[in-house]
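A quick write-up on the structure given underneath.
The values are calculated or read from the model by the stated rules, or taken from the named source; none is laboratory data. Given the structure is predicted, the values throughout are model-derived calculations rather than measurements. Note that each Cβ is placed from the backbone with ideal geometry, even for glycine, and that neighbours are counted across all protein chains shown. Just the protein is used for accessible areas: all its heavy atoms, side chains included, with ligands, DNA and RNA removed. Shrake-Rupley method; radii C 1.70, N 1.55, O 1.52, S 1.80 Å.
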Amino acid sequence: MRTKAIIKRILLQRRGDVRSLALMFIAPLIILTLLYFLLQIPSNVTYRVGIDNRSSSTALVNQLKKSDKLEIIQIDNNQRNTINKKNLAAAIVITDNKVDVTYANTDNSKTQVVTSLLAMTVQEIQGKKTQATIEDTIKSVIASSEAAVKSVSEAAVKSGVKIEQVPNTGGTTVTIPKPATVSISSHYLYGNSKLNPFSSLAPVLVVVFVFFFVFLISGISLVGERSSGTLTRQLVTPVKRSEIVLGYTVAYGLLAIAQTLIILFFVRYVLGMEVIGNFIWVIVINLILAIIALMFSLLLSAVAKNEFQFIQFIPIALVPQVLFSGLINVDTMEKPLQWIAHIMPLYYGIDALTKVVKQGMGFTDIWFNLLILVLIAVILYGLNVIALKELRRT
């Protein structure tokens with residue numbers, strides 16, 4: 001009976017906890033549904049490939065243009081700035097029987113698709129050349145055989161010899177010339193052909209871990225201060241709400257900066273994450289994201305009554321951020337999902353970080369991303385001031 005009473009008490013408590021019930025029964029369904037739509041790759045996805053104007057093989061270029069998976073762009077060179085500016089998966093230069101391919105390799109999946117399509121196209125062109133050579137050789141042999149028979153017949157008529165049977169020309173050995181083989185030479189702007197999954201996802205993983213741990217640790221600490229009464233005592237003093245938010249931001253921001261730097265330097269110099277661009281911008285981007293994570297956790301901590309309730313916010317607050325961060329290629333998503341991705345701070349942070357780390361871009365290429373991130377931080381700061389105003393009233 002005592003066990004029955006305990007079970008009844010727990011179930012009645014949970015029945016009154018709407019947030020816990022929603023997270024237990026509804027949140028998994030929402031996340032799984034979101035994953036279902038995110039992992040659907042539309043059939044009309046194309047990959048931008050540049051063809052250098054110096055390319056000489058018209059047949060190969062025309063065959064590549066027939067592919068519904070490739071969007072062919074005419075370019076003047078295959079340099080890094082051209083590939084970055086045109087947002088190309090690869091740049092191709094065709095001279096004689098050599099295909100020189102430079103892959104951006106910022107997305108390993110794109111590189112694999114373009115590599116496969118190019119190899120299939122070259123093989124198809126090679127097969128057509130071989131078939132044409134065989135047909136031309138057969139026609140030549142037939143023509144020469146007919147000429148030989150005609151010559152023998154004319155000689156017999158002149159000499160008055162009667163030919164009962166046309167001479168058999170079978171048994172003649174025919175040598176078919178082998179057409180020149182088309183060779184493919186590959187180069188990579190980032191990494192190499194054996195780019196491991198960690199190197200490919202390193203920029204995404206760094207941002208996600210920095211954001212997650214800053215959000216989690218600072219948020220739980222802030223909720224602890226609120227539940228212990230520290231924050232409440234500050235609110236009844238003449239201290240301005242903006243000063244309280246600024247104080248928490250600077251204090252926890254210093255810890256977030258230290259944590260961010262440790263993670264970045266460890267991944268860069270211990271785990272060997274390759275960085276093509278300026279490493280300073282990598283630090284700046286992650287620091288801004290750490291501040292946003294701090295502002296976000298401070299805002300949610302104003303709503304949560306205890307640490308457990310704060311942790312309950314993680315599936316709703318962080319999981320969508322991670323799903324739209326770049327772990328799943330945003331370019332292959334349906335348009336409505338891409339619009340959702342464009343309101344997520346992690347999307348802009350990872351987009352900027354990818355441009356620096358994998359494409360070697362600088363401030364002129366990431367300034368818009370940085371501006372959006374700063375605006376998000378300012379908006380969150382204002383929301384925190386408003387949230388503290390509500391707390392002060394209570």
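Modelled spin-label separation between Phe368 and Ile386, with each label point placed 7 Å from Cα along the Cα-to-Cβ direction: 2.7 nm. The residues neighbouring Glu71, those whose beta-carbon lies less than 10 Å from its own, together hold a net charge of +2 under the Lys/Arg +1, Asp/Glu -1 convention. Were the residues from Phe279 through Ile26 laid out at 0.36 nm apart, the gain over their Cα-Cα distance would be 86.9 nm. Extension gain, Leu216 to Thr46, is 57.3 nm, computed as 0.36 nm per intervening residue step minus the present C-alpha separation. The accessible area of Lys305, taken with all protein chains in place and a 1.4 Å probe, comes to roughly 150 Å².
Pop out the carbon and sulfur fraction of the accessible area of the stretch 273-312 as a percent, whole number, probe 1.4 Å.
Of the solvent-accessible surface of the stretch 273-312, carbon and sulfur hold 71 percent.
How much area per residue is accessible in the stretch 298-394 when the probe is 1.4 Å and only protein heavy atoms are counted (Å²)?
Heavy-atom accessible area per residue stands at 47 Å².
In the structure shown, the pairs Lys86/Lys128; Lys66/Lys86; Lys66/Lys358; Lys98/Lys355; Lys98/Lys358 are assessed against 24 Å; a Cα-Cα span above that value is assigned to Lys86/Lys128; Lys66/Lys358; Lys98/Lys355; Lys98/Lys358. Once the Cα-Cα distance is subtracted from the 0.36 nm per residue extended length, the His342 to Glu307 segment shows a gain of 9.6 nm.
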